């Protein structure tokens, strides 16, 4: 049988997408490489999930469970411990080869949603040198060891990167009796949500050091110390500022990279700004019939928006294929990225997400089409770690192939 | 050069701080200098290509005390009192290949390796190139082996089930005027040195075959017989085949001292007790000199030289299909300057550099050495970018001052065979060297009045761990049907199943560490560098070995992955 939509990834994006497909009367299939659905939420036992969507403070597993229960109720088919090794475009849609414990399955689907999440940036990718002892872990891997496997991989650690996962792990390790000697951030401003800085660091007396990075690790079998340096404006270590800190763990929270290996093999374009799958307002990628959702599109900071993007993709995937006329959305130099980066000529009311490039005060987000303003919203404060969501109605103008759509973060008039 | 002349030279340079003496086998330098570089200069000065003598370094360098040899902390008596025909010290490519060849005979052989796995030193820290031998001139021991050994690789790798590819090698020259000289050079190599695959290719051909190489290359020396292999997998394969044929491999076992009487090794004290081998083979890499000293047969010295290699994401694998480097007139004589290589796993390796060091087993990397290599290699392929690096590693070469192998019987100690100073092309020459050392060992055993007979049940064939991602769909399906664990993918980046991971920890040489699994079946070698799979691999090891998760090790001792359970313990089964 041919599924209407095959969703690769059973995390929050994939789950929401599957439910949306079912609601539109379609037959979805979720392919999940782990043994259980829920994606990374399974190991995020802290709360704060669902504030926007459910107006509740849920833990990761609880948030995931809300969707998993519905998926089960709806009788949506899922394949777990299932790994997609090959996808081919066919006249009907797509043929997937999936490795499972019951053998290699061939799956036919009309449309695809790549809800494949992200992976973590590694120590080597941030030029950490020295020896190769155990004890240098990405925050996600550390989180898995602590929350799922129930072991403490470190007792005294340094955290590099003030991204949310690092901040969460700082609190987690402290709650389990470990000592976090400090969170070191190469940028001059913290990378995580403000609420995490206060709830994970300030509340626990964990120091945050800005404009510093870890350059070297020491130790044979197990980490014994790290070398910390000040950095300049280009985040390059400044010679002569090195300090040695003795510790047995270096937890890295130095960025997430949207995982689009499968998509790239299908030929999807990766956004140079958002670093994930480039898409339109329906979350359809540059390859017709292939949609993206969740962190595979861009690194979200609220799972509520991940679910939203899954729903938008799921609903859109159930629509008939049409010849798309896509118009680029140009972001200005104050904007890190806007998702979607393109909109259809036929676009109506769209959800859009954006991040500012710096810490700004009193800015107004303005969208113009051929010079005409169709959207404007004031922000007293904008920070790169806090992603913003807006709703833009493109029906306010007549979009044409040649329309110039610009997104700007301007100075607000006082 | 006679010793008087040498001393005059040394006097001139070091003002009496260094003096040379000699004995039957060596020129010995002693004294005190202020820097490692000065010591190296002095020792190089004493090298005489026309003489058989090796340089022994007894110079003290003020301010530098090389670290003590790292020894296993665990001690027991599991080997105490055991007698062996042959004891091989060192589990690198040399030791492992010799061990395997020796199992063609009914000899009781043991290999002693101080680390927790084979190939953890130089043999596991190089680019895996199987050299064509074009860069070696006649006259050295290493050159005498290289072509012969290169031609053995297809057979050896087939027998041992180790992937091997003859990808070819380009040494590119931008200085077009060098063509006539280099052409003569290639003739010398082809006809006098036996490197009969050497040829010159011109700009157009290079561009067709390797479009991403420097377009300024006017011509290149091309050797189609150059190849690449995974050096640690080959070492492990040799070791496993040896064990399957009856040999013994002892990991985490170091040699502490030897009892030598009347020019003969009577016993060897190890961290697992005292053993009584008839013949000892010194294949101890950077520690070969230390072992020679223990055996009272020190007539050469090792000066370690480290090199760092970067590994690029498979997505950049298209930058080069083969092996390439840029050559310029003038340059280091002792290092090839590194290059770029496409591995059997489709990664690209960039490097190595060559830096003299006093540390035999410090494998740390530095930003500077990666930068140096990349600055140079951007001349080989301009689109090379540091952004494509997924990881890097360092190896330490065991170099004698003569920069050549020492493969011979002991000079003063009669039941000893040295296989020392094995630096590049040590991986390439290993199969041929192993055959020679096999011969030498059998002869020596016969001289020592030991009955040596052929092992009629010797089986050269070793079956490796199945690689499901490379199989056809049908074959893969069959494996999964027989064992569902082969259908559960654990490492997403390299597509490695639970079944393969379990295979990796159930091999003839039992290694149950995260790094051991990584070397054998690749989880942790992909772009996420183990971020996703390390916790799962650890769990699989813990379950299979029936040990608590926190006791699982990354590699050696002291690398246990956790300090104990959290307050709640494991939440649920993953």
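Here are the numbers for the structure shown:
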| read-out | value |
| --- | --- |
| Pairs where the first residue, in the range A:21-43, is free of Cβ contacts under 8 Å to residues at least 40 places away in the same chain and the second is surrounded by fewer than 22 Cβ atoms within 10 Å (Cβ to Cβ), C-beta under 7 Å, 6+ apart | A:38/A:61; A:38/A:68 |
| Within the range A:240-308, strands (runs of 3 or more DSSP E) holding 3 or more residues that are away from chain B (no Cβ under 14 Å) | A:243-246, A:290-292 |
| Counted residues, the range A:1-43 - those being within 14 Å of another protein chain (Cβ to nearest Cβ) and surrounded by fewer than 24 Cβ atoms within 10 Å (Cβ to Cβ) | 9 |
| Single residue of the range A:321-348 satisfying the filter (more than 24 Å from residue A:4 (Cβ to Cβ) and in a loop (DSSP other than H, G, I, E, B)) that is nearest to the chain's Cα centre (by Cα) | A:341 |
| Tally, over the range B:481-494, of residues that are surrounded by fewer than 22 Cβ atoms within 10 Å (Cβ to Cβ) and assigned to a helix (DSSP H, G or I) | 4 |
| Qualifying position, being touching a helix residue (DSSP H, G or I) at 6+ places or on another chain (Cβ under 7 Å) and within 8 Å of chain A (Cβ to nearest Cβ), among B:489, B:480, B:505 | B:480 |
| Subset of the range B:559-574 that is in contact with a strand residue (DSSP E or B) (Cβ under 9 Å, 6 or more places away or on another chain) and in contact (Cβ under 8 Å) with a residue 12 or more places away in the chain - its residue that is nearest to residue B:121 (Cα to Cα) | B:559 |
| Residue selected from the range B:513-551 under the condition part of a loop (DSSP other than H, G, I, E, B) and free of Cβ contacts under 8 Å to residues at least 40 places away in the same chain, by the criterion farthest from the other protein chains (Cβ to nearest Cβ) | B:546 |
| Filtered residues of the range B:552-572 (kept if more than 7 Å from every other protein chain (Cβ to nearest Cβ), surrounded by fewer than 22 Cβ atoms within 10 Å (Cβ to Cβ) and farther than 25 Å from residue A:41 by Cα) | B:560 |
| Segments classed as strands (runs of 3 or more DSSP E), wholly inside the range A:109-182, with at least 2 members that are within 7 Å of chain B (Cβ to nearest Cβ) | A:118-120 |
| Those strands (runs of 3 or more DSSP E) lying entirely in the range B:32-133 with at least 3 residues over 25 Å from the mean Cα position of the chain (by Cα) | B:54-61, B:83-89 |
| Test: residue B:385 is modelled with pLDDT under 95, closer than 30 Å to residue B:46 by Cβ and within 13 Å of chain A (Cβ to nearest Cβ) | no |
| Single condition residue A:243 does not satisfy, out of (1) within 30 Å of residue B:393 (Cα to Cα); (2) surrounded by 22 or more Cβ atoms within 10 Å (Cβ to Cβ); (3) without any contact (Cβ under 8 Å) to a residue 40 or more places away in the chain | (2) |
| Single residue of the range A:213-230 satisfying the filter (without any contact (Cβ under 8 Å) to a residue 60 or more places away in the chain and either crowded, with 21+ Cβ neighbours inside 10 Å or within 13 Å of chain B (Cβ to nearest Cβ) (or both)) that is farthest from the chain's Cα centre (by Cα) | A:225 |
| Given (1) surrounded by fewer than 16 Cβ atoms within 10 Å (Cβ to Cβ); (2) farther than 30 Å from residue B:232 by Cα; (3) in contact with a strand residue (DSSP E or B) (Cβ under 6 Å, 6 or more places away or on another chain), number of the condition residue B:35 does not satisfy | (3) |
| Hey, residue B:497 surrounded by 24 or more Cβ atoms within 10 Å (Cβ to Cβ) and either more than 7 Å from every other protein chain (Cβ to nearest Cβ) or in contact with a helix residue (DSSP H, G or I) (Cβ under 7 Å, 6 or more places away or on another chain) (or both) or not | yes |
| Within the range A:23-49, considering residues that are within 16 Å of the chain's Cα centre (by Cα) and part of a loop (DSSP other than H, G, I, E, B), the one nearest to residue A:80 (Cα to Cα) | A:38 |
| Residue check for residue A:92: assigned to a loop (DSSP other than H, G, I, E, B) and either modelled with pLDDT under 95 or surrounded by fewer than 23 Cβ atoms within 10 Å (Cβ to Cβ) (or both) | yes |
| Residue B:361 vs. criteria part of a loop (DSSP other than H, G, I, E, B) and within 14 Å of another protein chain (Cβ to nearest Cβ) | yes |
| Hey, residue B:151 in contact with a strand residue (DSSP E or B) (Cβ under 6 Å, 6 or more places away or on another chain), within 20 Å of residue B:424 (Cα to Cα) and surrounded by fewer than 24 Cβ atoms within 10 Å (Cβ to Cβ) or not | no |
| Yes/no for residue B:400 being within 14 Å of chain A (Cβ to nearest Cβ) and under 20 Å from the mean Cα position of the chain (by Cα) | no |
| Pairs, first at pLDDT 95 or above in the range B:354-380, second part of a helix (DSSP H, G or I) and surrounded by fewer than 20 Cβ atoms within 10 Å (Cβ to Cβ), C-beta under 7 Å, six or more apart | B:356/B:36; B:356/B:40; B:358/B:36 |
| Any hit, the range B:256-273, residues being assigned to a helix (DSSP H, G or I), more than 15 Å from the chain's Cα centre (by Cα) and at pLDDT 95 or above | no |
| Residue check for residue A:334: out of contact with any helix residue (DSSP H, G or I) (no Cβ under 8 Å at 6 or more places or on another chain) and at positive phi | no |
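The values are calculated or read from the model by the stated rules, or taken from the named source; none is laboratory data. Keep in mind the model is a prediction, meaning the values are calculated, not measured. Positions of Cβ are generated from backbone atoms using ideal geometry, with glycine treated the same way; all protein chains shown enter the neighbour counts.
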